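Colleague: This structure is in structure tokens; I'll ask about it shortly.
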Amino acid sequence: MIHRVATIVLLITLASSLLAAAPPVGEQFLDNGVIRLGVDLSRGGCISYLSPSGQDRNVVNNFDLGRQIQMSFYSGPIPFVVGDKRPKPHWEHIGWNPIQTGDDFGHGSRIRDFRRNDARHEFIVSCIPMQWPLDDVPAECEFTSRIELRGAAVHVTSSMVNLRADKRQYPARHQELPAVYVNGPFYRHISYQGPRPWTHDELTHFDTTGGKGFPWRHATMTERWAALVDDQDWGLGVYNADCFEFAGGFSGKTGSGGTRDAPTGYISPIHTEVIDHNIHYEYRYTLVLGTLREIRDYIYRNADKSSRRPSYRFAGSRQHWRFANAHDAGLPIDGALQVSYDAADPHLIGPRDFWRSADAQKLYVTAAFTQAEDKARLYWQRHGDAGFSEQCAVNFAITPDGQMRTYEIDLSRNPNYLGESNPAGAIINLRLDPTAGVRPGDELRLHYIGARRPVED
């Protein structure tokens, strides 16, 4: 009897301890006297509330679990099926899509850890996300967000640790870094996409009056931010120092609606990435609440506005490059991308970027080519061009013997790179075509592409 009582007491003690240690639920708030932010622990710790302090003026849309401000990633296969669970027909194109908030069937993502530091106005929250198009299917990955208030801005570091059993490499997809949804009054989509960033040049106002929603408009934002504001020019800006491509727009009737209503504005900084089965992916972004002028001024004060030159060193990562008709050896990357050609016209496409052609008149490629052809081709995309074209490309001679070499490519004499045919003098992207044809065993080991001649090891 004594042992039984002792066991009961021990169980009660353990239960009390577990209850005491249980994380909080529902919305949790930070307030620094300038802004008030809420994360929802019933929905993966997404940002569900953002308002000026002392006002109940939440800009974040919470119509369903696909809104909020949250992490979201995309990969294959398409459609994504788990056992007998299939996506609804209108979601079959989504593929593998873990998102922080929950799924389309109303199941919230599951919190793994939650910590707060009121002295730093900081949250750290981790969750197991749900697969958006499937009914109650947790993803094989973990999301973590570190959220800190600084004045009228929110600084966030987000990361995903992927642990997929499916080890196949799927094609690169657009990644939302992050996905940001705001309420109906904030329908005016504004940014800067001109060739003279950081000069207070005239802003671009994108037309959202149709409210057509998806597919969203994609554009190059050369100051790396975009905003959705109301008729008084007040709203929310999103800055990601690593992204020049943004998606955005508006869905539904513009100008009205609250946090639980369907009309919504959308912004997302974008990279197009391969998401490996074992990737650890991290990115940072800033949310700025205020007038359009306050948003831009805050970003101007805090952004790195120095002149850029292309520099992609593939010693340990893809540097946001992706493949067509080719694939690489996956992660980890040891010193160079190991790219195998799969079909005719294999090529590698760089991330959206921005630099002055006069600042990078020569480009250097450090690579080892194993192939029949003794030339490769480099393309560039000018600011304002819709894509790559044959007029913006040059061939360069290579030695295709599998040995690592540095090739110098002088672009300064090409008028489509540096000259009258490129009056803006700005470049936003690169593409490398190693060969027109392929044969078994052809491959490329790519170590570097950039404007500075690399120092040989």
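Colleague: Any idea which of Leu418, Leu444, Leu411 is surrounded by 15 or more Cβ atoms within 10 Å (Cβ to Cβ), within 13 Å of Arg377 (Cβ to Cβ) and either touching a residue at least 60 places away in the same chain (Cβ under 8 Å) or not assigned by TED's automatic domain parsing to the domain that holds Thr366 (or both)?
Modeller: Just one listed residue meets the conditions, Leu444.
Colleague: Sticking with this one: When the residues of the range 233-254 are filtered to those that are of a type in the set (S, T, N, Q) and touching a strand residue (DSSP E or B) at 6+ places or on another chain (Cβ under 8 Å), which remaining residue is nearest to Ala426 (Cα to Cα)?
Modeller: Looking at residues that are of a type in the set (S, T, N, Q) and touching a strand residue (DSSP E or B) at 6+ places or on another chain (Cβ under 8 Å), I get Asn240.
Colleague: Let me ask you something else. Would you point out which residue out of Pro185, Pro197, Pro171 is within 21 Å of Gly95 (Cβ to Cβ) and in contact (Cβ under 8 Å) with a residue 40 or more places away in the chain?
Modeller: None of the other options fit; the residue is Pro171.
Colleague: List the number of the failed condition for Ser256; all other conditions in (1) surrounded by 15 or more Cβ atoms within 10 Å (Cβ to Cβ); (2) modelled with pLDDT under 95 hold.
Modeller: Failed condition: (1).
Colleague: I've got another one for you. Of all the residues that make up the range 238-253, how many are assigned to a loop (DSSP other than H, G, I, E, B) and either touching a Ser or Thr at 6+ places or on another chain (Cβ under 6 Å) or surrounded by fewer than 22 Cβ atoms within 10 Å (Cβ to Cβ) (or both)?
Modeller: The number of residues fulfilling the criteria is 5.
Colleague: Need pairs with beta-carbon distance below 6 Å; first residue touching a residue at least 40 places away in the same chain (Cβ under 8 Å) and within the range 150-161, second β-branched (Val, Ile, Thr) and assigned to a strand (DSSP E or B); sequence gap 6+ or separate chains.
Modeller: Ala152/Ile35; Ala153/Thr286; Ala153/Val288; His155/Thr286; Val156/Ile147; Ser159/Thr144
Colleague: Please go through the range 294-308 and pick out each residue that is modelled with pLDDT of 95 or more and either part of a loop (DSSP other than H, G, I, E, B) or of a type in the set (Gly, Ala, Ser) (or both).
Modeller: Of everything in the range 294-308, just one residue is modelled with pLDDT of 95 or more and either part of a loop (DSSP other than H, G, I, E, B) or of a type in the set (Gly, Ala, Ser) (or both), namely Ala303.
Colleague: Out of Gly44, Gly66, report the one residue that is in contact (Cβ under 8 Å) with a residue 12 or more places away in the chain, surrounded by fewer than 20 Cβ atoms within 10 Å (Cβ to Cβ) and in the same structural domain as Gln175 (by TED's automatic domain parsing).
Modeller: Testing whether each residue is in contact (Cβ under 8 Å) with a residue 12 or more places away in the chain, surrounded by fewer than 20 Cβ atoms within 10 Å (Cβ to Cβ) and in the same structural domain as Gln175 (by TED's automatic domain parsing) leaves just Gly66.
Colleague: Of all residues in the range 427-441 being in contact with a strand residue (DSSP E or B) (Cβ under 6 Å, 6 or more places away or on another chain) and part of a loop (DSSP other than H, G, I, E, B), which is surrounded by the fewest Cβ atoms within 10 Å (Cβ to Cβ)?
Modeller: Only one residue tops the list, namely Val438.
Colleague: Among the numbered criteria (1) of a type in the set (Gly, Ala, Ser); (2) part of a strand (DSSP E or B); (3) under 21 Å from the mean Cα position of the chain (by Cα), which one does Gly316 miss?
Modeller: Failed condition: (2).
Colleague: Take the residues in the range 141-155 that are closer than 13 Å to Ser109 by Cβ and in contact with a Leu (Cβ under 9 Å, 6 or more places away or on another chain); name whichever of them is surrounded by the most Cβ atoms within 10 Å (Cβ to Cβ).
Modeller: That would be Cys141.
Colleague: Same structure again: Out of (1) within 18 Å of the chain's Cα centre (by Cα); (2) closer than 30 Å to Gly425 by Cα, what's the single condition that is false for Ile190?
Modeller: Status for Ile190: all satisfied but (1).
Colleague: Quick one: how many residues across the range 134-149 are among the acidic types (Asp, Glu) and assigned to a strand (DSSP E or B)?
Modeller: Adding up the residues that qualify gives 2.
Colleague: Something else about it: Is there a residue in the range 341-352 that is among the basic types (Lys, Arg) and modelled with pLDDT under 95?
Modeller: no
Colleague: When only residues in the range 280-325 that are on the phi > 0 side of the Ramachandran plot and not assigned by TED's automatic domain parsing to the domain that holds Leu236 count, which is surrounded by the fewest Cβ atoms within 10 Å (Cβ to Cβ)?
Modeller: Per the criteria, the residue is Asn325.
Colleague: OK, next. Report, by residue number, each residue of the range 403-444 that is within 21 Å of Ala344 (Cβ to Cβ), of a type outside the set (A, V, I, L, M) and touching a Phe, Trp or Tyr at 6+ places or on another chain (Cβ under 8 Å).
Modeller: Arg431, Asp433, Pro434, Thr435, Asp442, Glu443
Colleague: Would you confirm, using the coordinates I've provided, whether Asp103 is under 22 Å from the mean Cα position of the chain (by Cα) and under 30 Å from Pro171 (Cβ atoms)?
Modeller: It is true that Asp103 is under 22 Å from the mean Cα position of the chain (by Cα) and under 30 Å from Pro171 (Cβ atoms).
Colleague: Now a separate question. Regarding the range 333-353, can at least one residue be identified that is surrounded by fewer than 19 Cβ atoms within 10 Å (Cβ to Cβ) and within 30 Å of Gln232 (Cβ to Cβ)?
Modeller: Scanning the range 333-353, I find no residue that is surrounded by fewer than 19 Cβ atoms within 10 Å (Cβ to Cβ) and within 30 Å of Gln232 (Cβ to Cβ), so the answer is no.
Colleague: Now for a different question. Please state which one of Ala397, Ala424, Ala393 is loosely packed, with under 13 Cβ neighbours inside 10 Å and outside the structural domain of Pro197 (by TED's automatic domain parsing).
Modeller: Ala397
The values are calculated or read from the model by the stated rules, or taken from the named source; none is laboratory data. For clarity, every value in this text was computed on a predicted model and none was experimentally measured. Don't worry about glycine lacking a Cβ; one is built from the backbone with ideal geometry, like all the others, and counts go over all protein chains shown.
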